[in-house]
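Reading through the structure tokens given below for one structure.
The values are calculated or read from the model by the stated rules, or taken from the named source; none is laboratory data. Computed from a predicted structure; not experimentally measured. Please note: Cβ atoms are built from the backbone with ideal geometry, for glycine as well, and neighbour counts cover all protein chains shown.
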Amino acid sequence: MTEHNNRRDVLKTIAGGLTLTTLLSGIGGAKTDKHDDELVHADGTTIHTFRSNGSYYQYVETVVSQDLKEAYGTKSIQLAPENIPRKALPNEITEQNKTIEEKVDEVSVFGTNRQHTIAEKQIGVDVVGTFGSGDAPDDYEGPKFVYKTAEEAEDLGKRKAPINIIWSDSVDNSADDVYSYMHERGWTHPWYVPPSKSRYIMYDGNAKVEEEHIYKEIDKSKQWHIRVWDVDENEVAVIGQAHKDPYDHNQIGNKPWQFDSARSEALSDWNDWGYETDDSTINTGYTKWDTHDGWIGAVY
């Protein structure tokens, strides 16, 4: 889930394999004063690499940018690797049993936990919807984005996706409640389950990984996917990041994540189940992703 993802190179198969070198020794120590309180908008190349590892392929995301060199002392930052089951990848990849690489030119947003926290607080929101009490919350100061950590620097992460759905405390009290309710009503058939603690939000100044994953199958190679977190934010009890997982979990092909469509799918189901919903409750004004309009929808 990356920002400014409209520029991309073609998919390449590397016959002899490819070893990516990540120079992370300078992270945390080489940061300049210029970026002490600022996020780093790294204009460069993101390299998506798959290496065969038995029944899995190891997926590695590496960002290369001179902006990273200036901020952290290294031009290349590798995010925490993930294992992708062979069955979740196209046959043209698995049959060759070779390392696969795709390069995408884009702007990646990096920061420490502190920098991400400061940046989120600087994004003002416009609350226009109503909750079950009939009153809109005075403000929303909860998390606005989801992040993925760098492999060898737990305090450094990349902004990956927007928070785009919330549940009021009049609906459910926890992410587990939301999961159970949706699971009992058809959000039950994941064809691919990502690492359970693979994304985090910034909450109360700390990184907090997702409590639950919620899925709804579209067909045998696509699914709606929501990560959910517990919060306690002015009538908001649970927040979520909803998106569409296309074939191969979108690791190859750089397809849109359909954030707005995923939000609408979830809200439509909750509305069918008898709850009030609104797809434009909180406006963050942040529209850097092609398929996100900046709005957070609500169930109440």
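What number of residues within the range 90-113 satisfy the criterion of being over 20 Å from the mean Cα position of the chain (by Cα) and either part of a loop (DSSP other than H, G, I, E, B) or among the charged types (D, E, K, R) (or both)?
Step one: of the range 90-113, the residues over 20 Å from the mean Cα position of the chain (by Cα) are 90-101.
Filter again for either part of a loop (DSSP other than H, G, I, E, B) or among the charged types (D, E, K, R) (or both), leaving 90, 92, 95-98, 101.
Residues that pass the stated criteria total 7.
Residue-by-condition table, conditions (1) of a type outside the set (S, T, N, Q); (2) at pLDDT 50 or above:
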| residue | (1), (2) |
| --- | --- |
| Met1 | yes, no |
| Asp9 | yes, no |
| Thr13 | no, no |
| Leu18 | yes, no |
| Ser25 | no, no |
| Asp33 | yes, no |
| Phe50 | yes, yes |
| Glu61 | yes, yes |
| Ile77 | yes, yes |
| Do we find a residue being over 26 Å from Leu156 (Cβ atoms), free of Cβ contacts under 8 Å to residues at least 40 places away in the same chain and not in a strand (DSSP E or B) anywhere in the range 66-85? | no
| request: Kindly indicate whether any position in the range 111-133 is at pLDDT below 85 and on the phi > 0 side of the Ramachandran plot. | output: no
| task | Pick out the one residue from Lys69, Lys144 that is at pLDDT 95 or above, outside the structural domain of Val231 (by TED's automatic domain parsing) and farther than 25 Å from Asn53 by Cα. | result | Lys69
| field | Residue match in the range 269-292 (condition: in contact with a Ser or Thr (Cβ under 8 Å, 6 or more places away or on another chain), assigned to a helix (DSSP H, G or I) and either more than 23 Å from Leu89 (Cα to Cα) or modelled with pLDDT of 90 or more (or both)) | value | yes
| query | Restricting attention to the range 208-231, which residues are more than 17 Å from the chain's Cα centre (by Cα) and touching a residue at least 40 places away in the same chain (Cβ under 8 Å)? | reply | Lys216, Val231
| request: Go through the range 168-189 residue by residue and tally those that are modelled with pLDDT of 95 or more and either buried (at least 17 other Cβ atoms within 10 Å of the Cβ) or touching an Asp or Glu at 6+ places or on another chain (Cβ under 6 Å) (or both). | output: 7
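For (1) at pLDDT 95 or above; (2) buried (at least 18 other Cβ atoms within 10 Å of the Cβ); (3) of a type in the set (A, V, I, L, M), each residue gets a yes or a no:
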| site | (1), (2), (3) |
| --- | --- |
| Pro195 | no, no, no |
| Tyr200 | yes, yes, no |
| Arg227 | yes, yes, no |
| Glu235 | no, yes, no |
| For the range 149-159, how many residues meet the condition of being at pLDDT 95 or above and surrounded by fewer than 23 Cβ atoms within 10 Å (Cβ to Cβ)? | 0
| query | Looking only at the range 239-248, which residues are modelled with pLDDT under 95 and either over 12 Å from the mean Cα position of the chain (by Cα) or farther than 21 Å from Ala80 by Cα (or both)? | reply | Lys244, Pro246, Tyr247, Asp248
